[in-house]
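**Q** Quick one: the structure is below, questions incoming.
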Amino acid sequence: MLEARLIIEGGKRIEGEIQVHGAKNSSLPVLAAAFLCDGTSVIHNCPALSDSYAATRILGSLGCKCKREGGSVIVDSSNADGCTVSDCLMREMRSSIVFLGAILGRTGRCRLSFPGGCELGPRPIDLHLSALKKLGVKIVEDHGVLDCTAGQRPSRCDITLSLPSVGATENIMLYSSLGVGETVIYNAAREPEISDLAGFLNSCGACVQGAGSSTIVINGVSELHGCEYSVMPDRIVAATYMGAAAATGGELILSGVNPADMYSCMSVFSEMGCGVYPYTDKIFINAKKPLKAVRTVRTMPYPGFPTDCQPIVMAALCRASGTSMIVENIFENRFMAVDELMRMGADIKAEGRVAVIEGVKSLSGAQVRAADLRAGAALVIAALGAEGTTSVSNIHFIDRGYESIETALKSVGADIKRV
Ligand code: UD1
């Protein structure tokens with residue numbers, strides 16, 4: 001079978017409005033949380049992405065009934081009692097580790113394979129495991145399989161994370177929501193997706209307080225019921241389309257977004273010379289002036305600049321006049337777009353965690369390959385602003401995080417097609 005590609009004819013200014021879909025990184029833990037409920041949950045604004053389909057396949061394998069109706073996913077967990085996630089489902093999506101807390105919370109047992117490394121480099125789960133051990137879980141690791149059994153949970157458990165891991169915070173919240181005992185997470189991740197997960201859990205009858213701050217208190221309850229919930233908008237997708245507007249000298253209205261979650265991104269685009277105007281649930285961006293280099297962009301846990309937006313901003317900076325620097329503090333291997341951007345004529349020097357981008361006058365179309373999800377999105381942005389035709393391969397990575405990126409971009413005037 002021939003591999004799908006995106007073919008992009010660069011140099012078309014984009015203009016119009018894009019409705020931003022629900023957040024991948026919120027829908028995955030919310031889908032996992034639906035397993036904790038005794039009953040049916042209706043999850044609206046759940047993005048139709050390969051990763052969310054993988055999550056519903058995991059739920060199905062655990063005995064849940066899942067169906068999609070338009071933008072909503074309905075999960076009936078009434079009779080679900082599975083506790084094993086197969087190796088092949090674990091491999092489909094590295095973030096399926098977020099099912100660990102939910103499965104253990106409901107069934108008291110969980111067997112799944114170790115997620116191992118991924119495109120972003122090693123992604124350890126030591127913080128997830130040590131927190132669960134503190135909560136009384138017995139964990140046996142054997143040949144890459146984790147066999148976990150719930151034990152006596154302390155009536156109060158203080159967990160201090162050595163770094164504010166998003167996944168570890170989510171797993172602790174999921175595991176602690178059902179059952180007896182108070183769990184306090186210090187140095188918890190503060191990402192908006194954490195608040196969204198807490199919102200879902202609380203709508204199901206959980207008692208999670210402080211989400212969005214660095215101290216989260218979870219008081220276990222004896223049962224969780226289903227609920228109807230709408231997933232937050234995807235702030236990384238919104239930032240991607242901001243990057244597309246910046247790279248093409250275009251102007252876009254991004255609707256259905258939450259600007260309050262996006263200040264660090266908006267300020268980088270403003271510094272590049274774009275006009276960025278947040279409204280209640282919209283962001284307006286225009287790029288009337290040529291882009292200019294920015295002061296050092298450092299990726300940080302929220303509310304700092306998000307690592308997922310780093311390749312997107314890098315792609316826009318390739319044609320910004322002057323020298324910009326990016327320091328990647330979260331993942332070791334997140335300069336995956338650099339070599340491909342250089343094939344398009346970018347001038348980037350990356351070493352270790354630092355990349356120096358010397359703005360060039362123009363980029364030219366080339367045959368490039370997406371090495372991971374956001375690196376793929378970065379190539380699309382660069383291609384939109386390049387001269388000539390770019391062919392992006394390996395686009396299954398892009399489909400993990402964007403609902404038909406080509407349809408959204410075509411609707412605002414980009415010349416892009418999937419072949
Ligand atoms: C989540 C997001 C991902 C985003 C990242 C950081 C999902 C599905 N993915 O990933 O898109 O880029 O947050 O905002 O929501 N770490 C450890 N030990 C652990 C856990 C993490 O050392 O047990 C390290 C990681 O290697 C990494 C850093 O902590 O360097 C951040 O990881 P974490 O916040 O856990 O990211 P994820 O939840 O994997």
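**Q** Under a plain spin-label model, where a point goes 7 Å from the Cα along Cα-to-Cβ, how far apart in nm are Arg156 and Ile139?
**A** 2.5 nm
**Q** Length gain on complete extension for the stretch Ser270 to Asn329, per 0.36 nm per residue less the alpha carbon to alpha carbon distance?
**A** Stretched fully, the Ser270-Asn329 segment lengthens by 19.0 nm.
**Q** With a point put 7 Å past each Cα toward its Cβ, work out how far Ser255 is from Ala4 in nm, to one decimal.
**A** 2.6 nm
**Q** Taking 35 Å as R0, compute the FRET efficiency from the Cβ-Cβ separation of Glu15 and Tyr53 and round it to 0.05.
**A** Here the calculated transfer efficiency is 0.65.
**Q** If you don't mind, there's one more thing I want to ask. Net charge around Gly250, counting only other residues with Cβ within less than 11 Å of its Cβ (Lys, Arg = +1; Asp, Glu = -1)?
**A** Cβ neighbours under 11 Å give a net charge of +1.
**Q** Using a probe radius of 1.4 Å on heavy atoms only, what accessible surface per residue do you get for the stretch 1-124? Whole Å² is fine.
**A** 39 Å²
**Q** Got the relative contact order for the stretch 128-254 handy, in percent, Cα pairs under 8 Å and 6 or more residues apart? Don't skip to the end; give the middle numbers.
**A** Working: 207 pairs, mean separation 24.1, N = 127.
RCO, the stretch 128-254: 19 percent.
**Q** Then there is this: What is the packing order of peptides 187-196, 160-169, taking the mean over residues of other C-beta atoms within 10 Å and listing the highest first?
**A** Descending mean neighbour count gives 187-196, 160-169.
**Q** Tell me which of Thr296, Val368, Val313 sits at the most positive position along the dipole axis of the chain, charges placed on C-beta atoms (Lys, Arg +1; Asp, Glu -1).
**A** Thr296
**Q** By its C-alpha gyration tensor, with a ≥ b ≥ c as the square roots of the eigenvalues, how is the chain shaped: rounded for a/c under 1.5, else prolate for a/b larger than b/c, else oblate?
**A** Prolate.
**Q** Note down the relative contact order for the chain as a percent, whole number, built from C-alpha pairs under 8 angstrom at least six residues apart.
**A** Here the relative contact order equals 20 percent.
**Q** Another question about this same structure. Please go through the stretch 221-290 and write out the trypsin sites (Lys or Arg not before Pro) that DSSP classes as loop and that have at most 10 other C-beta atoms within 10 Å. Walk me through the intermediate numbers first.
**A** Details: sites: Arg235, Lys282, Lys288; in loops: Lys288.
Listed in order of number, the matching sites are Lys288.
**Q** Which shape class, rounded, prolate or oblate, goes with the stretch 24-230 when its Cα gyration tensor gives a ≥ b ≥ c as root eigenvalues, a/c under 1.5 marks rounded, and past that a/b bigger than b/c marks prolate?
**A** Rounded shape, in that the Cα axes give a/c under 1.5.
**Q** While we're on this one: What ranking do 15-28, 379-392, 197-210, 140-153 get when scored by the average of other Cβ atoms within 10 Å per residue, highest first?
**A** Details: 15-28: 22.7, 379-392: 25.2, 197-210: 21.1, 140-153: 13.9.
Ranked from most to least packed, the peptides come out as 379-392, 15-28, 197-210, 140-153.
**Q** Any chance you could give the angle, 0 to 90 degrees and rounded to 10, that helix 166-177 forms with the longest Cα principal axis of the chain?
**A** The angle comes out near 30 degrees.
**Q** Decide, for the stretch 12-138, between rounded, prolate and oblate: order the square roots of the alpha carbon gyration tensor eigenvalues as a ≥ b ≥ c, take rounded if a/c falls under 1.5, and otherwise choose prolate if a/b is larger than b/c, else oblate. Display every interim value, and only then the final one.
**A** On the way: a/c = 2.20, a/b = 1.33, b/c = 1.65.
Judged from the Cα gyration tensor, the stretch 12-138 comes out oblate (a/c at least 1.5, b/c at or above a/b).
**Q** R0 = 51 Å: FRET efficiency of Cys207 with Asp87, Cβ-based, nearest 0.05? Don't skip to the end; give the middle numbers.
**A** Numbers: r = 35 Å, r/R0 = 0.68.
About 0.90, to the nearest 0.05.
**Q** Hey, what angle do you get for helix 373-384 against the long axis of the chain, alpha-carbon based, 0 to 90 degrees rounded to 10?
**A** Tilt of helix 373-384: around 20 degrees.
**Q** For the residue pair Lys410 and Arg68, what label-to-label distance in nm results when each label sits 7 Å from Cα along the Cα-to-beta-carbon direction?
**A** 1.8 nm
**Q** Relative contact order for the stretch 24-230: what percent, with Cα pairs under 8 Å and sequence separation of 6 or more?
**A** Relative contact order comes out at 21 percent.
**Q** Please report, in debye to the nearest 20, how large the charge dipole of the chain is about its Cα centre when each Lys and Arg carries +1 at its beta carbon and each Asp and Glu carries -1 there.
**A** It works out to roughly 420 debye.
**Q** Further question on the same structure: Which pairs in the list Lys289/Lys410; Lys12/Lys417; Lys12/Lys361 are over 18 Å apart, alpha-carbon to alpha-carbon? Write out the running numbers ahead of the final one.
**A** Working: Lys289/Lys410 23 Å; Lys12/Lys417 14 Å; Lys12/Lys361 16 Å.
Result: Lys289/Lys410 exceed 18 Å.
The values are calculated or read from the model by the stated rules, or taken from the named source; none is laboratory data. Every value quoted in this text rests on a predicted model; they were computed, and no experiment measured them. In this analysis, Cβ positions are derived from the backbone assuming ideal geometry, glycine residues included, and neighbour counts consider all displayed protein chains. With ligands, DNA and RNA removed, areas are computed over all heavy atoms of the protein, side chains included. Shrake-Rupley method; radii C 1.70, N 1.55, O 1.52, S 1.80 Å.
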